[in-house]
Amino acid sequence: MQIGNFKIFADLVETKSFSRAAKLNGITQSAVSQQARSMERHFKILLIDRSQKQFQLTREGNRVYESAKEMLHAYEKLMSELQEMKKVISGTIRISTIYSIGLHELPPYIKQFLSEYPSVNVRVEYRRSNLVYEDIIHNAVDFGLVAFPVKMRQIEIVPFRDDNLVLVCHPNHPLAEKKNVEVEALVDYKFIGFDPDIPTRKAVDSIFRDYKFEIETVMEFDNIETVKRAVEIDAGVAIVPQATIEQESRQGTLVAIPFKDKRFTRPLAILHRKGRVLTPAMKKFIETLAGKKKS
């Protein structure tokens with residue numbers, strides 16, 4: 001019985017899905033099923049209660065899972081300590097991030113990190129916010145990057161940085177000539193927003209509730225790029241993170257306007273699974289994001 005067998009079983013238990021466990025380990029769903037049966041033959045016990053419609057472990061299966069987690073944690077800790085003893089900074093870091101951070105906040109940090117640690121591979125996957133949390137809980141990735149982080153028992157939150165929220169409009173829009181704008185002024189204009197389940201949308205809705213007025217939302221999208229394209233055709237105004245419209249501001253396709261006498265921010269955070277053993281490369285990556293300013 002190899003350590004990889006216990007990892008596949010642990011992934012199966014945590015995801016409660018043969019297909020997801022297969023994807024996490026780069027094998028087929030059939031191979032995961034065969035692996036589970038192989039472990040049952042090895043220990044001469046039933047690990048999974050197949051009489052249930054939903055995935056459920058037997059009492060013995062729960063005990064094997066608990067021991068598997070202990071062994072995997074000890075193995076990861078040993079590997080990390082050996083790398084630190086050899087002063088090795090290598091390996092692969094898997095990141096799950098929302099579009100706005102992955103496209104506009106993260107690249108300079110990754111460039112800096114890879115220039116200092118060229119033996120490390122960084123893989124980035126773009127996901128909706130709720131799926132980033134799922135990826136962390138199921139150990140599908142090493143780190144997640146989100147806005148307005150939500151506290152969860154299984155997840156460690158490391159502050160990344162704060163980004164200003166600004167009003168953005170077309171260069172020919174009536175507000176484009178203003179140096180700043182009052183929140184109340186938006187009631188007179190068509191508004192382009194994010195989908196209701198997007199954290200930044202919830203923050204914007206909270207701003208409007210605080211000012212006790214409703215806005216006319218004419219379009220809703222699930223990512224920052226589509227929101228910007230809609231503003232560029234003058235379909236309405238939007239409130240977006242300032243870092244996401246730097247290129248358009250330089251090119252003159254969008255105009256960013258700060259709010260008068262008020263600063264609204266969007267906190268960004270790094271997520272990882274609580275209790276996760278961090279390799280030397282992972283520790284250095286967190287240091288780069290949380291401890292250094294973007295160049």
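Just so it is clear, none of the values below were taken in a lab; they were calculated from the coordinates. Nothing here was measured: the structure is a model prediction, and the numbers come from that model. Cβ: placed from backbone, ideal geometry, glycine included. Neighbour counts: every protein chain shown.
What the table shows:
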read-out: Calculated mean projected area of the Cα convex hull in nm² (choose from (1) 15.7; (2) 17.8; (3) 18.8), label; value: (3)
read-out: Tally of Lys pairs whose C-alpha atoms are under 13 Å apart, taken over the stretch 3-85, 8 or more apart or cross-chain; value: 4
read-out: The chain: most fluctuating residue of 218, 237, 132 per GNM, C-alpha cutoff 10 Å; value: 218
read-out: Kirkwood hydrodynamic radius of the stretch 1-126, from inverse mean 1/r over distinct Cα pairs, in Å; value: 17.1
read-out: Cα-based equivalent ellipsoid of the stretch 171-222: semi-axis lengths in Å, sorted from largest, via gyration tensor; value: 20, 14, 10
read-out: Stretchable slack from residue 153 to residue 226, in nm (0.36 nm times residue separation minus alpha-carbon distance); value: 23.0 nm
read-out: Cα gyration tensor of the stretch 162-265 - equivalent ellipsoid semi-axes, whole Å, descending; value: 18, 16, 14
read-out: Cα-based reach from residue 212 at 20 Å (exclusive), listing lysines while leaving out same-chain residues under 8 positions away; value: 190, 202, 260, 262
read-out: Gain in span if fully extended, residue 94 to residue 67, counting 0.36 nm per residue against the direct Cα distance; value: 7.2 nm
read-out: Modelled FRET efficiency - R0 30 Å, residue 274 with residue 114, Cβ distances, 0.05 increments; value: 0.65
read-out: Nearest-20 debye value, the chain charge dipole, Cβ charges on Lys, Arg, Asp, Glu; value: 1200
read-out: Principal-axis tilt of helix 107-116 within the chain, Cα atoms, nearest 10 degrees; value: 50
read-out: Candidates 174, 149, 107: whichever shows maximal mean-square fluctuation once the chain is modelled as a Gaussian network with Cα springs under 10 Å; value: 174
read-out: Sites residue 74 and residue 128, calculated FRET efficiency, Cβ-Cβ separation with R0 45 Å, nearest 0.05; value: 0.85
read-out: Stretch in the chain that is longest and holds no GluC sites (Glu not before Pro) that DSSP places in a loop and that have at most 16 other beta carbons within 10 Å; value: 1-176
read-out: Under 15 Å, Cβ to Cβ, from residue 193 - net charge with Lys/Arg +1 and Asp/Glu -1; value: -1
read-out: Approximate spin-label separation residue 34-residue 209, in nm, with each point projected 7 Å along Cα-to-Cβ; value: 5.3
read-out: Extension gain (nm, one decimal) between residue 184 and residue 246, 0.36 nm per residue minus Cα-Cα; value: 19.8 nm
